[in-house]
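Reviewing the structure listed below.
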Amino acid sequence: MTAVFSHGRLRLYLLKLLAEGPRHGYELIRLLEDRFLGLYVPSAGTIYPRLQRMEAEGLVTHTAAGGRKTYEITDAGRAELAERAGELAALESDIHASVQDLAGLAMEIQDEVRGSARDVKRELREAARNARQRWQPPVPPWQQRREPVPSLPPEAEAGLRLERRAAELAGDVRRLVRRQGVMPEALRAAMEAVEVAAVEIRRLIEGRPPSR
Amino acid sequence: MTTWLVDKPQRLAVDRPVRRLDVRLISGKLNVVGADGPPRIEVTSIGTRPLVVSCEDGALVIRYERPRFWPVWTGPLGWFLVGRKRYRAEVSVAVPPEAVAELELISGSAVVSALRAGASITVSSGRITLLGLAGQTVAKVVSGPVEALGVGGDLEVETVSGELIIADSSASRLRARTTSGPITADLNNPPYHSRIDLETVSGQITARVREDSDLDVELHTVSGRVSSDFEELWARGSHGDKRLGGRLGAGTGRLRAQATSGHVSLLARQVDDEERQGAYAGAEEPRGDTAETGARQRDSSGKDGDDPEREGAHEGEGGRP
């Protein structure tokens with residue numbers, strides 16, 4: 001068993017598992033657990049950040065159904081898999097550990113853990129170095145200097161509040177409408193309500209009397 | 001009481017229940033794996049002195065025979081001084097995952113995996129590798145590194161001179177101490193009541209926790225710099241980059257990291273919505289259930305992950321909110 005967790009091999013292994021068919025994150029964890037002969041269950045924290053990075057690079061996509069994400073390989077992902085076919089073959093041919101050969105199994109455990117530990121160390125060290133470079137000690141809120149907020153005349157402030165509320169409404173509408181399973185009749189009724197409200201608002205602001 | 005004298009490479013099957021494992025070796029390799037089925041011992045290489053294996057009352061003991069007289073006046077250390085070659089052995093043991101292990105090795109490497117009830121490993125000079133442990137684990141090395149992957153429960157690791165790397169750990173209590181060497185900890189702690197203490201005299205500490213952790217944090221260094229990904233932590237004292245503290249989330253757990261000379265960095269790991277909702281929960285449960293472990297080991301040898309039974313189990317998990 002070539003260490004599946006080291007030298008970016010986990011990424012390759014995940015691509016290989018996804019090339020066999022779309023899978024949920026949970027299934028990927030189970031398959032990796034099998035690879036470790038049930039000795040270790042990787043946590044979501046090891047799988048998810050990698051899937052996310054692979055998605056950002058366009059190697060996989062996900063579809064969410066019923067609150068669960070199913071990951072699928074893309075053409076770019078397949079291309080990368082084809083490119084690294086040799087490495088993948090090595091990864092696959094090496095699965096021969098079994099609980100019967102204890103000494104061999106222990107060697108493989110040692111390699112795997114060492115590879116994974118080195119990967120984690122490299123990743124964290126690099127992140128820490130970047131963080132140190134851009135990091136400034138934060139100032140506690142009670143020491144922060146308050147910027148004086150310029151006060152507005154009351155009519156301008158009321159106007160701003162109205163504008164903000166209208167923008168919020170637009171956001172709410174966008175979110176509600178894009179939700180699945182919305183009835184077209186409901187949308188039509190909501191449209192009428194908005195038209196009525198728009199006419200009423202214009203009338204109130206322009207100071208005209210009610211039409212009826 | 002059953003006793004075997006092992007003086008050449010061989011395999012032994014112990015046909016009685018084992019609840020405790022006690023191994024004391026001088027030099028070589030020691031591997032312990034939790035597995036179902038009868039306990040087994042594999043001695044793959046051995047020096048000129050025989051090993052004594054005995055099993056009594058659920059306690060499996062592997063050690064050297066006490067010599068008639070100690071070499072000179074040095075006591076057991078004399079074994080090491082005069083007889084490192086003579087006392088060299090490579091021993092692998094499979095015991096039930098719920099057995100408690102106590103392992104000692106003077107020089108060499110120890111690999112311990114899949115034990116659920118606790119283990120204590122002491123190596124004077126060499127390395128310790130831990131994979132998938134639960135329960136209370138104590139790993140101590142005088143000179144050499146400790147590497148742990150996927151260890152939960154209560155973990156204590158200590159080395160005088162060497163590096164500590166803890167990857168993908170869900171330990172709710174973690175104490176890592178080194179005198180000279182860095183500590184790297186990637187923690188997947190449950191976001192409540194974790195207790196994490198990292199301490200080094202000379203070396204840097206790099207720790208990563210979930211961004212939604214509930215931790216009371218205190219980071220301190222004397223001659224390095226502290227940094228964190230969390231905005232909730234504020235500089236304490238006049239030297240802004242030496243001491244940092246504050247509360248993340250509800251602050252129910254505790255994280256202390258202290259270095260005398262070296263940087264201390266706390267990183268945040270992004271959490272997937274799905275992970276937050278616990279959709280992965282089934283995969284993260286520590287498994288005390290040995291029957292299940294056995295079943296999984298059996299299928300992993302033959303079939304791939306597509307077997308209908310597992311798909312069924314997965315659908316079942318999916319039904320949970």
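Going residue by residue through the range B:82-93, is there one that turns out to be β-branched (Val, Ile, Thr) and touching a residue at least 60 places away in the same chain (Cβ under 8 Å)?
Scanning the range B:82-93, I find at least one residue that is β-branched (Val, Ile, Thr) and touching a residue at least 60 places away in the same chain (Cβ under 8 Å), so the answer is yes.
Considering only residues of the range A:41-74 that are aliphatic (A, V, I, L, M) and in a loop (DSSP other than H, G, I, E, B), which is nearest to the other protein chains (Cβ to nearest Cβ)?
Selected residue: A:Val41.
When the residues of the range B:55-94 are filtered to those that are among the hydroxyl-bearing types (Ser, Thr, Tyr) and under 17 Å from B:Leu30 (Cα atoms), which remaining residue is modelled with the highest pLDDT?
The extreme case among them is B:Ser92.
Inside the range B:204-243, can you point out the residues that are of a type in the set (A, V, I, L, M), buried (at least 17 other Cβ atoms within 10 Å of the Cβ) and either over 29 Å from the mean Cα position of the chain (by Cα) or more than 12 Å from chain A (Cβ to nearest Cβ) (or both)?
B:Leu215, B:Val217, B:Leu233, B:Ala235
Results for (1) surrounded by 10 or more Cβ atoms within 10 Å (Cβ to Cβ); (2) at pLDDT below 75; (3) within 38 Å of the chain's Cα centre (by Cα), shown as yes or no for each residue.
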site: A:Gln136; (1), (2), (3): no, yes, yes
site: A:Pro141; (1), (2), (3): no, yes, yes
site: A:Leu162; (1), (2), (3): yes, no, yes
site: A:Ala166; (1), (2), (3): yes, no, yes
site: A:Met183; (1), (2), (3): no, no, yes
site: A:Leu187; (1), (2), (3): yes, no, yes
site: A:Arg208; (1), (2), (3): no, no, no
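Identify, please: which residue in the range A:15-40 is in contact with a strand residue (DSSP E or B) (Cβ under 8 Å, 6 or more places away or on another chain), assigned to a helix (DSSP H, G or I) and more than 7 Å from chain B (Cβ to nearest Cβ) and is, among those, surrounded by the fewest Cβ atoms within 10 Å (Cβ to Cβ)?
Across the range A:15-40, the extreme among qualifying residues is A:Ala19.
Would you point out the residue of the range B:264-276, among those that are at the interface with chain A (Cβ under 7 Å from one of its Cβ atoms) and at pLDDT below 80, that is surrounded by the most Cβ atoms within 10 Å (Cβ to Cβ)?
Out of the qualifying residues, it is B:Glu275.
From the set of residues in the range A:6-42 that are small (Gly, Ala, Ser) and modelled with pLDDT under 85, which is farthest from A:Leu105 (Cα to Cα)?
Going through the qualifying residues, I end up with A:Gly8.
Under the condition of being touching a residue at least 60 places away in the same chain (Cβ under 8 Å) and within 9 Å of chain A (Cβ to nearest Cβ), which residue from the range B:113-160 is surrounded by the fewest Cβ atoms within 10 Å (Cβ to Cβ)?
Looking at residues that are touching a residue at least 60 places away in the same chain (Cβ under 8 Å) and within 9 Å of chain A (Cβ to nearest Cβ), I get B:Ala114.
The values are calculated or read from the model by the stated rules, or taken from the named source; none is laboratory data. Given the structure is predicted, the values throughout are model-derived calculations rather than measurements. Here the Cβ is made from the backbone with ideal geometry for all residues, glycine too, and neighbour counts use every protein chain on show.
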